Each structure stands twice: as structure tokens, then as C-alpha cells.
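The numbers here are math on the coordinates, done by the rules we state, and not lab data. None of the values given here were measured: they were computed from a predicted structure. Backbone-built Cβ (ideal geometry, glycine too); neighbour counts: all protein chains shown.
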């Protein structure tokens with residue numbers, strides 16, 4: 001039977017809940033806003049509370065006999081060419097862990113691109129999976145990493161034929177995308193599954209001018225964040241499954257193991273409504289967004305001191321295979337300041353928040369929600385930044401290691417180091433010690449140092465100089481990195 005994408009089961013059930021005047025003697029305790037603090041209601045609006053009901057025994061009956069969530073997930077799977085879809089209200093951080101735990105097990109190997117998000121590393125710590133790191137393609141001119149190539153995964157499998165599968169991140173937060181079809185072929189030739197962390201690619205299935213969608217490219221499991229490039233609420237995530245290399249019931253069990261028993265129906269509703277919006281209007285909305293982003297790119301390129309990274313910068317031999325133009329990545333190195341200071345200046349003086357910021361770039365993430373008005377504000381602010389850049393204090397230099405210095409030796413599993421006995425030592429005494437914590441510039445959230453890696457002077461110098469220049473590294477015990485948490489001598493294997 002053909003799917004009816006005019007339907008939105010979760011939204012329809014919420015409307016019916018209100019129309020029928022149901023009275024709940026169950027959580028949540030605000031009881032349809034009646035008990036909520038008036039000041040909270042004034043800020044959030046009552047609609048938030050009206051949509052906050054139990055998933056079972058509220059949205060649906062206690063046995064979920066109406067299959068509200070199941071029908072919404074089936075519609076999503078149909079919309080994006082997957083066989084099965086799972087909704088998550090714990091973000092893609094949970095979804096990717098569920099996928100990893102469905103493919104590998106404690107002390108089993110999994111090929112993982114070293115440009116993975118910290119949520120993947122958290123999954124390694126929780127599971128005890130043995131990561132085989134696959135190196136990204138490093139752009140030495142721009143000091144930027146693109147996803148690993150298919151050939152790199154091929155060579156990793158040759159060295160580790162016992163690896164259970166592979167995980168690649170594509171697209172990156174910078175908009176560069178891997179050759180997923182080629183990577184899937186490398187995996188499937190060995191009957192190994194491919195997980196794609198496509199958190200930044202929720203919009204990809206809905207327009208042909210965007211990079212390849214993981215399900216179409218042959219991935220077995222794909223994880224995506226509806227809140228990043230879609231219209232869902234924060235923490236709304238879905239993961240999709242196809243083929244027989246990953247067992248459906250195993251994936252469902254892992255998700256249940258990690259997920260909350262109190263899922264937010266508000267997040268379900270956001271996911272459900274976004275699917276309907278994209279199926280019915282997505283091509284038109286994304287065409288407009290792509291046209292707007294293209295125009296904005298051309299106009300930023302004319303601003304003194306700014307260059308917008310484009311397909312020619314990011315794609316080609318040794319770089320990315322495909323390119324998403326909606327993340328507008330602006331190189332401001334000619335302005336003699338850094339991305340951290342520029343972003344802070346834009347927030348202070350123009351009330352504009354940028355997304356990815358690093359030692360030489362700021363980014364403006366466009367979606368189908370943007371229009372000439374939002375684009376105009378951005379352009380006005382960037383022109384003002386160009387004019388006022390000389391008034392910003394000179395930015396301290398960030399001492400960026402070369403590719404050969406970026407990858408320290410992994411002495412033991414991330415799990416073993418994280419749970420070992422630890423001590424905090426001055427950063428000057430940390431060289432040669434084994435890290436017991438992640439050190440992650442954020443955004444985009446790709447760890448520079450992982451638990452179990454032997455700390456080196458170039459890496460610590462990079463992070464310390466980055467922090468002095470404005471980099472945010474929130475996850476160490478000491479975010480200033482004046483001290484570093486390391487494994488106590490002899491506390492972890494290999495130390």
C-alpha cells in the first residue's frame with residue numbers, strides 16, 4: 001500500500017488528545033500546563049506543555065495499540081528510501097552508539113574515521129570496542145580534515161580483516177562529503193556493514209543537487225540529526241536500517257538499552273512534521289535555500305578579507321568527493337584576526353551567532369528556513385566586520401601541528417584509560433603520559449585527544465595556544481588545560 005505522506009501520525013494523535021479533552025492522572029506533573037510556573041508559561045507558551053504527554057498511556061494507549069510511533073517511523077523510512085527507521089529523542093549521540101553496539105562488541109574491532117564526533121568516542125568508552133583508526137584526508141593548505149577515502153578503508157581492512165565493520169562521518173560540519181558508494185562497496189565485498197554518521201545530512205534525501213544520501217549510496221545504518229539541517233527540535237534524531245548485515249532486532253534492543261524510558265512526544269512531533277514537510281515541499285524549499293546560499297556566497301566573496309570555501313577548495317584528488325553548499329564556510333585569515341574573535345564580535349555587535357569557528361574561519365549554516373531578510377542581516381554584519389577588523393586586538397597564533405604530529409600512539413583502549421586510576425598533572429608534565437580524558441575543540445566536537453592516547457608536546461601546544469586564542473575545549477576536567485587528567489602510572493594497559 002502506498003504511503004500517505006499527508007498524514008502525520010504523532011501530530012494527529014496530539015490533536016486528538018486535546019480535542020477529546022483527556023484528563024491525565026499520570027506524568028508529566030504540569031498536567032497540560034495547569035501546574036507550570038506562570039513565568040515559564042509566559043516564556044515557553046502553553047503549546048509546549050499541551051504537546052508534552054506520555055508516549056504510552058497518553059499519545060497512545062498503554063499497549064500502544066494504535067501504533068502511532070510505528071506508523072510515523074514507517075512513513076519516515078519510506079520518505080528516505082530505508083527499510084526501517086527508529087526515532088530517538090536523545091540526539092544522534094545516542095543513535096550512533098546504538099549503531100556501533102549493533103555491529104561490534106567489547107574487544108572487537110571497528111574501523112572508525114579519526115574525524116569522528118566525540119559521541120562516537122563516548123560509544124567506544126561505554127562499549128569497550130577496539131577502534132582501528134582510519135585517517136582522514138588532510139588539507140595541509142587549509143588545515144582541514146575531510147572524510148577518509150575508500151582506499152584508506154580498503155587498506156585498513158587488509159591490515160585488520162577481523163574488523164566487524166566500518167564507521168564514517170559524512171558530510172562533515174564543513175559540508176564536505178565522502179564517496180559513500182565506494183566505501184560501502186569496500187565493506188560489502190567483505191560482507192561487513194557500513195555505519196554512516198550523517199548527522200549533518202538530514203536534508204540530503206530531498207534534493208538531487210545535494211551530496212549522495214547514505215541509504216541511496218548503500219550504507220547499512222545511517223544516523224542523522226533532524227535538528228541540525230532539518231526542522232526538528234534539539235535532540236530529535238533518527239537512524240535508518242537496510243539490508244541484512246545488521247539485525248533489526250539487535251539494533252532495536254541496543255537503542256532501547258541506551259534510550260530514555262520517558263521519550264519526549266514534542267520531539268517525536270517535530271520529526272514527524274518535518275518528514276511530511278520535506279516529502280510534500282522539500283524540493284521547492286531546498287531549491288530556494290540552495291539559490292539563496294549561492295547568492296550569499298557570491299556576495300561574501302566580494303567583501304574585503306573574506307573568502308568562501310567552495311567545491312574547488314574542498315573537492316578533488318586527496319580531498320572530499322562531494323560538497324554541500326548550505327554550510328557557508330568563510331575564511332577570514334586575511335583580516336588578521338581569528339574565527340573565535342570574529343564570532344564573538346558578530347554576537348556582541350550584530351546579535352548574530354555563527355556556527356563552526358576555528359583559527360581562521362567562521363561559518364553561517366543556511367537551511368530552508370532562511371530568506372532574504374536573514375541573509376541581508378548576515379551580509380550587513382560581515383561587511384561591518386570587514387571594516388572594523390582592524391579594531392580587534394591582534395589574535396594570538398594557534399600553533400597547528402602537521403598531519404604527522406596530529407595522531408599520537410594509542411596505548412590502550414579508550415575504555416581502559418577512561419576507567420583507570422587517574423591523576424591530574426600540570427600540562428608541562430603531561431607529555432608522554434596517557435590521556436584519561438577527551439580534549440575536544442567545540443564546535444564541531446571532533447576530539448583532538450582521546451583516552452588511551454599518549455600525549456605529545458605538539459598536540460598540547462596546539463590546544464593550549466588554541467585556548468589562549470579563544471578556542472573552547474569544554475570536556476577536560478580543567479577546560480583551561482593548565483592541568484591534564486592522565487592515567488596513573490601502571491593503571492592502564494601499556495602504561
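The three principal axes of the Cα atoms in segment 1-85 give end-to-end lengths of 46, 28, 20 Å, sorted in falling order.
As a calculated quantity, the FRET efficiency between residue 374 and residue 421 at R0 = 51 Å, using C-beta atoms, amounts to about 0.50.
With Kirkwood's inverse mean 1/r over C-alpha pairs for Rh, give me the Rg to Rh ratio of segment 403-487, two decimals please.
On the way: Rg = 11.5 Å, Rh = 12.5 Å.
Across segment 403-487, the Cα-based Rg/Rh ratio is 0.92.
For segment 341-403, the pair-distance distribution built from all alpha carbon pairs, in bins 10 Å wide starting at 0, is 19, 49, 23, 9, 0 percent.
Structural descriptor for segment 403-487: relative contact order 39 percent, calculated from alpha carbon pairs under 8 angstrom and at least 6 residues apart.
What the Cβ-Cβ distance of residue 482 and residue 41 gives, at R0 = 60 Å and to the nearest 0.05, is a FRET efficiency of 0.85.
Per-residue counts of other Cβ atoms within 10 Å, averaged by peptide: what ranking do you get for 175-181, 365-371, highest first?
Peptide ranking by packing, descending: 175-181, 365-371.
Over all directions, average the projected area of the Cα convex hull of the chain and note it in nm².
24.5 nm²
Overall, the anisotropy analysis places segment 283-391 in the oblate class: the square-rooted eigenvalues a ≥ b ≥ c of its C-alpha gyration tensor yield a/c not less than 1.5, with a/b not exceeding b/c. Centre-to-centre, using Cα atoms only, segment 454-488 and segment 371-445 are separated by 9 Å.
Just so you know, the Rg over Rh for segment 9-276 is 1.02, from Cα atoms, with Rh as the Kirkwood radius.
Can you give the translational diffusion coefficient of segment 231-358 in µm²/s, computed by Stokes-Einstein from the Kirkwood radius over Cα pairs at 20 °C and 1.002 mPa s?
114 µm²/s
For the chain, relative contact order (Cα pairs under 8 Å, six or more residues apart, normalised by length) works out to 14 percent. When both bridge partners sit in the chain, DSSP labels roughly 65% of those beta bridges antiparallel.
Note the full-extension length gain between residue 312 and residue 257 as 0.36 nm times their separation in residues minus their Cα-Cα distance, in nm to one decimal.
15.4 nm
Counted over segment 9-276, the DSSP beta bridges are approximately 45% antiparallel. Residues 142, 189, 377, 485, arranged from fewest to most other Cβ atoms within 10 angstrom of their Cβ, appear as 189, 377, 142, 485.
Restricting to bridges with both residues inside segment 112-211, how much of the DSSP beta-bridge set is antiparallel, in percent to the nearest 5?
The antiparallel fraction comes to roughly 30 percent.
I want to verify the translational diffusion coefficient of segment 128-246 in µm²/s; compute it with Stokes-Einstein, Rh as the Kirkwood radius over Cα pairs, at 25 °C and 0.890 mPa s. After rounding, the answer is 165 µm²/s. Between the alpha-carbon centres of segment 65-88 and segment 266-312 there is a gap of 25 Å. Once Rh for segment 121-191 is found with the Kirkwood sum over Cα pairs, what is the Stokes-Einstein diffusion coefficient at 10 °C and 1.306 mPa s, in µm²/s? Estimated diffusion coefficient is 120 µm²/s.
Given just the C-alpha atoms of segment 329-484, how large is their convex hull per residue in cubic angstrom? Don't jump to the answer; show the numbers that get you there.
Details: hull volume 20.0 nm³, N = 156.
Taking the convex hull of the Cα positions in segment 329-484, it is 128 Å³ per residue.
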